[in-house]
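Down below is the structure, laid out as structure tokens.
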Amino acid sequence: MYWEKEKECMARDDLEQLQLERLQATLYRVATHVPFYRKKFKELQIDPDGFRSLDELQNLPFTTKNDLRRNYPYGLFAVPLRDVVRVHSSSGTTGTATVVGYTKNDIKTWSNMTARVLTAAGVGKDDVVQIAFGYGLFTGGFGLHYGAERVGASVIPISSGNTKRQIQIMQDFRTTALVCTPSYGLLLADTMLEMDININALNLRFGLFGGEPWSEGMREEIQNKLHIQATDNYGLSEVMGPGVAGECPERNGLHINEDHFLIEIINPDTLEPVKPGETGEVVITTLTKEAFPVIRYRTRDLTRIIEKPCPCGRTLRRMERVLGRTDDMLIIKGVNVYPMQIEAVLFDIEGTEPHYQIVVEREGRLDKITVLVEVVEEIFFDQMKKQRHLVDHIKKRLASELGIGIDVKLVEEKTLERFEGKAKRVLDKRKL
Ligand code: DLL
């Protein structure tokens with residue numbers, strides 16, 4: 001039920017005291033060992049020894065992805081390489097890659113964090129865990145692998161891809177828990193249904209999905225197709241990898257491992273904290289990282305904090321599922337649109353398949369979005385009237401949800417690209 005009950009159910013006061021002590025140690029660590037922070041603290045006249053209350057957090061400088069890039073590869077490490085036992089890196093598809101490092105102790109902490117996430121999702125010693133996240137520089141595979149070993153489960157480190165083999169192994173090795181991105185979970189489910197595999201004959205009970213945003217509708221789709229309980233888990237390589245937050249059996253928000261990560265939600269424009277419960281950008285300060293501590297890292301992820309206590313007994317606050325990223329936001333006719341809002345509408349409409357792509361183009365000075373939606377075969381082939389009706393229906397729903405008109409095009413089943421890792425939902429032709 002819990003992995004570290006004394007931490008996960010800690011009294012708030014005790015937790016805040018622990019956070020403060022750990023923050024003080026982290027500030028001391030970066031001021032002493034990382035020239036980037038030493039310089040910033042000096043400029044802002046911050047005395048790391050004089051830090052007395054968590055309320056002073058707002059005086060500290062932010063760290064951005066660009067700061068990480070500028071210090072590529074090892075510039076922000078707070079320990080000599082001799083003490084680093086592992087390095088991960090982000091793919092760098094949107095610019096120079098960023099590199100993060102872990103000491104032996106960091107790996108231990110990380111395993112505990114993903115062990116918490118796995119335990120909260122229901123995984124234990126008796127489970128057979130198939131990890132279909134990529135192993136390698138991406139943190140998904142290794143991060144959850146170590147946690148699953150730590151809880152004592154039997155781990156199948158299959159990595160991502162090779163879908164037919166995944167299915168074979170799932171059947172033969174009697175996998176009980178599947179760990180991957182939600183889009184790959186769906187691809188596995190669809191492939192099994194196509195192969196006429198009897199889902200009830202599988203041993204699968206849990207799916208732990210993370211690494212990309214997904215909607216409640218997508219969760220239902222995966223659960224219905226695979227007959228499992230699907231939970232969401234969140235993390236990012238810059239602060240550790242998976243294991244920052246995860247859902248419990250209530251599946252109503254993700255418990256943040258606040259004894260290791262200090263979370264703020266800010267307005268990305270004013271950089272001020274939002275009011276409690278409002279949506280904004282997640283900013284994370286690591287509290288226990290040794291090799292790669294970060295102060296107020298701007299994640300660009302958007303969500304809100306759920307202040308209400310969770311019936312599961314954990315006192316660690318919950319964040320709502322991530323709505324999207326500030327850099328995924330499309331501004332169409334002055335309205336802010338997130339791909340996840342579109343997904344949520346599509347999943348609610350009968351006759352559409354859970355596969356879609358959002359195409360953004362520029363017409364004159366205005367951006368225009370077209371949503372390509374796969375539809376079931378009957379609709380696609382013969383009935384023009386039904387097609388028109390469906391297009392109108394989707395358009396209406398999108399317009400009422402988003403407040404602007406969006407074009408919709410129906411496409412044949414299985415024509416849109418499928419993904420083994422993180423899905424790419426937006427095709428931005430403005431940048432091509
Ligand atoms: O994706 C770490 C991870 C791996 C988390 C496996 C969970 C499971 P990065 O490649 O650095 O690390 O990408 C981090 O992915 O800032 C979010 O935008 C997005 N993301 C991760 N988990 C979720 C989630 C890993 N559950 C970036 N919901 C983050 C929505 C997510 N977005």
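The values are calculated or read from the model by the stated rules, or taken from the named source; none is laboratory data. These numbers come from a predicted model, not from an experiment. Heads up: the accessible areas ignore ligands, DNA and RNA and are worked out on the full protein's heavy atoms, side chains in. Shrake-Rupley method; radii C 1.70, N 1.55, O 1.52, S 1.80 Å.
Full extension from Asn162 to Leu193: what is 0.36 nm times the residue separation minus their Cα-Cα distance, to one decimal in nm?
Numbers: separation 31, 0.36 × 31 = 11.16 nm, distance 1.63 nm.
Extending this stretch completely gives an extra 9.5 nm.
Given a 1.4 Å probe and every protein chain left where it sits, what share in percent of the accessible area of segment 330-428 is carbon and sulfur?
Details: 2620 of 5500 Å².
Carbon with sulfur: 48 percent of the solvent-accessible area.
Above 29 Å lies some portion of the pair distances; for the chain, what is it as a whole percent of all C-alpha pairs?
48
Return the Cα extents of segment 48-190 along principal axes one, two and three, sorted largest first, each rounded to a whole Å.
The Cα atoms of segment 48-190 stretch 57, 33, 32 Å along the principal axes, largest first.
Determine the equivalent ellipsoid of segment 330-428 by diagonalising the alpha-carbon gyration tensor, then write out the semi-axes as square roots of 5 times the eigenvalues, largest first, rounded to whole Å.
22, 17, 12
Would you compute, from DSSP H runs of 4+ residues alone, the mean residue ellipticity of the chain at 222 nm, taking -39500 (n - 2.57) per run and dividing by the full residue count, rounded to the nearest 500?
Details: 12 runs with 137 residues, N = 432.
So the helix-based figure for the chain works out to -9500 deg cm²/dmol.
Please tell me the relative contact order of the chain in percent, rounded to the nearest whole number, where contacts are Cα pairs under 8 Å and at least six residues apart.
Working: 869 pairs, mean separation 61.3, N = 432.
14 percent.
For segment 160-249, state the semi-axes of the equivalent ellipsoid (square roots of 5 times the eigenvalues of the alpha-carbon gyration tensor), sorted largest first and rounded to whole angstrom. Working shown, then result.
On the way: eigenvalues 105, 38, 29 Å².
Output for segment 160-249: semi-axes of 23, 14, 12 Å.
Using each residue's phi in segment 206-216, evaluate 6.51 cos²θ - 1.76 cosθ + 1.60 at θ = phi - 60° and report the 3J(HN,Hα) Karplus result to the nearest Hz, with x for Gly and Pro.
With coefficients 6.51, -1.76 and 1.60, one gets 10, x, 10, 10, x, x, 7, x, 8, 9, 4 Hz.
May I ask you to list the aspartates and glutamates whose Cα is less than 14 Å away from that of Lys164, ignoring any residue fewer than eight positions away on the same chain?
Within the straight-line cut-off, Lys164 pairs with Asp172, Asp190, Glu194, Asp196, Glu420.
Name the residues whose placed amide hydrogens come within less than 5 Å of the amide hydrogen of Val426, ignoring near sequence neighbours (fewer than 5 apart) on the same chain.
When sequence neighbours closer than 5 places are left aside, the close amide H contacts are Ile358.
Hey, can you grab everything whose amide H is under 5 Å from the amide H of Arg86? Only 5+ residues off in sequence or another chain; H modelled, so Pro and N-termini drop out.
It is Tyr102, by chain and number.
Please report the carbon-and-sulfur percent of the accessible area for segment 29-185; probe 1.4 Å, protein heavy atoms only, DNA, RNA and ligands left out.
Numbers: 3390 of 7080 Å².
Using a 1.4 Å probe with all protein chains present, segment 29-185 comes out at 48 percent carbon and sulfur.
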